[in-house]
Every structure is written in structure tokens, then in C-alpha cells.
Amino acid sequence: MQQTLTAKMQIVPQPSDRQLLLDAMKAYSAACLFVSAYVHDHAMPLSQIRIHDAVYRTCRSTYALPSQMAASVTRTVIAAYKSVRTNQKRHRERFGKKKRHADIMPEFRAPQLSLVWNRDYSLVWNDDKTEKLFSVGTLKGRIKCSFHADAMEWAFADGAKFGTAKLVFKHDKFFLHVPVTIEVPDAPDASGYTRVVGVDRGIRFLAATYDGRKTTFHSGAQVKQKRAHYKQLRRQLQMRGTSSARHRIRTIGQRENRWMNDVNHCISKALVCSNPEGTLFVLEDLAGIRGATERVRVKDRYTQVSWTYYDLEQKLAYKAKNYGSSLLSVDPAYTSQTCPICGHVDKKSRKHETHIFKCTACGYTSNDDRIGAMNLQRMGIEYLLKAQVSGE
Ligand SMILES: [Zn+2]
């Protein structure tokens, strides 16, 4: 099964190239606004061909867009109108209104630029082949930009596919929002499971598991420390800025990946081997984990280890399959606030400072690190029960 997540990466152009990116974004947004107004004023249907035919020349001549960018403008505007309509529909449904209002015209106030993968942007090597760079199209040809992908390594995993990216400019920095399609395990069929194990991935513990009787923890302290060490080292080398320093940054990155790879290999092996054949492992889906990492404080940002989550999931899926076990991803909403005994949801049940969970309804009390795993285990059992009912 495939899932698409957005990787947000800062890209860093050469100082002399910054204006080229800004110009391209400005021209692109201005063209979008023009097309948006045209569609609005002429009450045009959202047809790619019809809008394109009406506006293409102006996009080329007035806004000096290269032909492919001019074609992208139409797509961007249509997508914006569609999302306006979806939001309005949701709003109507929520408040029980029937009447459809006229479309609100998207205004494209913030400068932006849509980039089609392998056409408007791509990954290339730098001159001494020590570092990958993003090559990005502008109004005056392509430029090369280095980038920061800390905690976004999952986006570069084998088989990950990049889609049409959006370039945005925020706090004086450029960011590429890249939709990345990755492979995640299929939902298993419900028959023949001998055990259900909830696996909660986190920072204090790389994995906490609950099998209905006991909880097991795999510590994250060592990982956190080691990654911070690598980060520090990289920063020092980056400041030096020589080509040998850049080369060392790359070797350090590889060493760190090998080491993290090894940690995940050990954890996934321990999980699979310490449970019987036919175990259903229940994990939070990756979209939920991305949401979770966004809440992490900035100073801890490097340790959000979302790549580690993805990598662990891949390794666990592979090993489980060879062992006759399976993986199930579930929507993790409220897993840390829900009482695993009575199902009561309350933010106040969880005390962050003391790491204690005390249910405000039934009084069940436990260390809060186990709660996520217990709830995931419960969700796994519910999944099997539901699947059984619908199968009968
Ligand atoms: Zn309770």
C-alpha cells in the first residue's frame, strides 16, 4: 500500500541566486492571480484545456514564464479552486446549510512556485560529487541549491517517489514542500492471529510494546545522545566549509545511517523473535507520527527521528512477514490521552511533568510511556473483532 506524506526541506541557494528564485516565485504567483481572476470573471469551468487556451499566451508574454511553468499555472489555479470548493462543502455540511455560495477567488498572496519533479526540479551531484543538491528551474535557467533534510531521511528511502513540489519563502528562507509517496505495509486479513502487540514509537523510548500482559521498553536515550553528537560534529565541519570538511560530513552521515540501521535491525529482530508466529503488530500510521513530531520543541527538533520510525516500520514489516506475523497501521488520534481500560479521552489524564497517566474517569493509573502501546494493542484487537464481524 502506498502513502503520500509531505517532506518540508529548507533549500539554500548561492547568495547570488536568491533573487532568481524570488523573481520566479513572484512572477509565478502574479500569473496565478491573473488566471484566478480570469476564471472568476469569466465564470469558467475548471477545465485544464479551456483555461490553458485562454491564458497561456499572457502567462508567457506578460509574466515571462517559460512554457512549462506557464502550463503549471493553470494546474495550480484549478487545484486552488478545487480546494476552496472542498472547504466550502465541508463548511456547509458542518453547519447544515444547503445553498452553495459563489467561489471565493484564490488570491495567491504569498509568493510560491510549483515545480514538477524531474522537469522543474531534480537532485544532482555537486562538482566534487560529495553532496547532493537540488537543481531548481527559474525564469533564467536552472540553479543549484544545497538543502537541509534533518529528520526527513525517510523521503530518500529506496522506492520513495517525489511529486510536484511547492517552493515557499518564509522567515527569509526558502522551503521545498515535496509530496513523497512511500511504500507502507498492507492491512492484514483478520484470521489466525495468536497475539496482538501494540508498538508505540517515541523519543524517550524508541519503542514501547504491550502484548496484553507485559510492557517492554527499548530505550532511546543512547540514540538521542549519539545523534546530538553527530549533529554537533556536522555543524563544526559546516562552519569550516572546506571541501575536505564537506567530504567528512558525507562520511559521517553514512556512518550515522549505518549505525541507526543497526539499531533498528536489532529492535525489529527482538520484537519479531520475542513474540510467537502469527503476531499482529499494531503501529501508529506515519501521517500521525509526522503530526506528532510537529509538536516537538525546536531545540529537540533534530531528535524527532521520523526517518527512524519509517525505517523501523520497514524492517519490522520485512522480518514479520518471514516469521508469519503482520503489521497493522492505525490512526493514532488521542492514543496518549485515552484510558486503555475504560476508553475515556481526556487531556488532563496525562501528566507530562511526572510521566504519570491517571484516568480522570475510572482512576486507572500507570506510567504514561505504556499508555500509547496499550491503546494501540486495544485498537488492534478492535480491528480484528470488526473484521471478524464483517467477515461472517
Ligand atoms: Zn479509565
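Applying the set (1) surrounded by 16 or more Cβ atoms within 10 Å (Cβ to Cβ); (2) farther than 28 Å from Lys99 by Cβ; (3) within 30 Å of the chain's Cα centre (by Cα) to Phe34 leaves exactly one unmet item: (3). Of all the listed residues (Val178, Val168), the sole one being open to solvent by 20 Å² or more (accessible area, probe 1.4 Å) and at pLDDT 90 or above is Val168. Across the stretch 181-197, the number of residues qualifying as surrounded by 15 or more Cβ atoms within 10 Å (Cβ to Cβ), among the β-branched types (Val, Ile, Thr) and not in a strand (DSSP E or B) comes to 1. Going residue by residue through the stretch 252-273, is there one that turns out to be free of Cβ contacts under 8 Å to residues at least 40 places away in the same chain and in contact with a Gly (Cβ under 9 Å, 6 or more places away or on another chain)? No: zero hits. Suppose we keep only residues that are among the hydroxyl-bearing types (Ser, Thr, Tyr) and closer than 22 Å to Thr209 by Cβ within the stretch 356-368. Which one would you say is nearest to the ligand (Cβ to nearest atom)? The selected residue is Tyr364. Here's a check for you: in the stretch 212-229, which residue that is touching a Lys or Arg at 6+ places or on another chain (Cβ under 8 Å) and surrounded by 17 or more Cβ atoms within 10 Å (Cβ to Cβ) is farthest from Arg378 (Cα to Cα)? Per the criteria, the residue is Gly220. Only one of the numbered conditions (1) under 22 Å from Phe156 (Cβ atoms); (2) over 24 Å from the mean Cα position of the chain (by Cα) is not met by Ser243, and that is (1).
Residues checked against (1) in a helix (DSSP H, G or I); (2) touching a Ser or Thr at 6+ places or on another chain (Cβ under 7 Å):
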{"position": "Ala7", "(1), (2)": "no, no"}
{"position": "Leu20", "(1), (2)": "yes, yes"}
{"position": "Ala31", "(1), (2)": "yes, no"}
{"position": "Leu46", "(1), (2)": "no, no"}
{"position": "Ile49", "(1), (2)": "yes, no"}
{"position": "Cys59", "(1), (2)": "yes, no"}
{"position": "Thr74", "(1), (2)": "yes, no"}
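If you go through the stretch 314-355 and pick out every residue that is more than 11 Å from the ligand (Cβ to nearest atom) and open to solvent by 70 Å² or more (accessible area, probe 1.4 Å), you end up with 12.
Quick check on the stretch 105-115. Is at least one of its residues of a type in the set (Asp, Glu) and either open to solvent by less than 60 Å² (accessible area, probe 1.4 Å) or over 30 Å from Ala43 (Cβ atoms) (or both)?
no
The values are calculated or read from the model by the stated rules, or taken from the named source; none is laboratory data. If you're wondering where the values come from, they're calculated on a predicted model, not measured in any experiment. Cβ: placed from backbone, ideal geometry, glycine included. Neighbour counts: every protein chain shown. Surface areas here come from the heavy atoms of the whole protein model, side chains and all, with no ligands, DNA or RNA. Shrake-Rupley method; radii C 1.70, N 1.55, O 1.52, S 1.80 Å.
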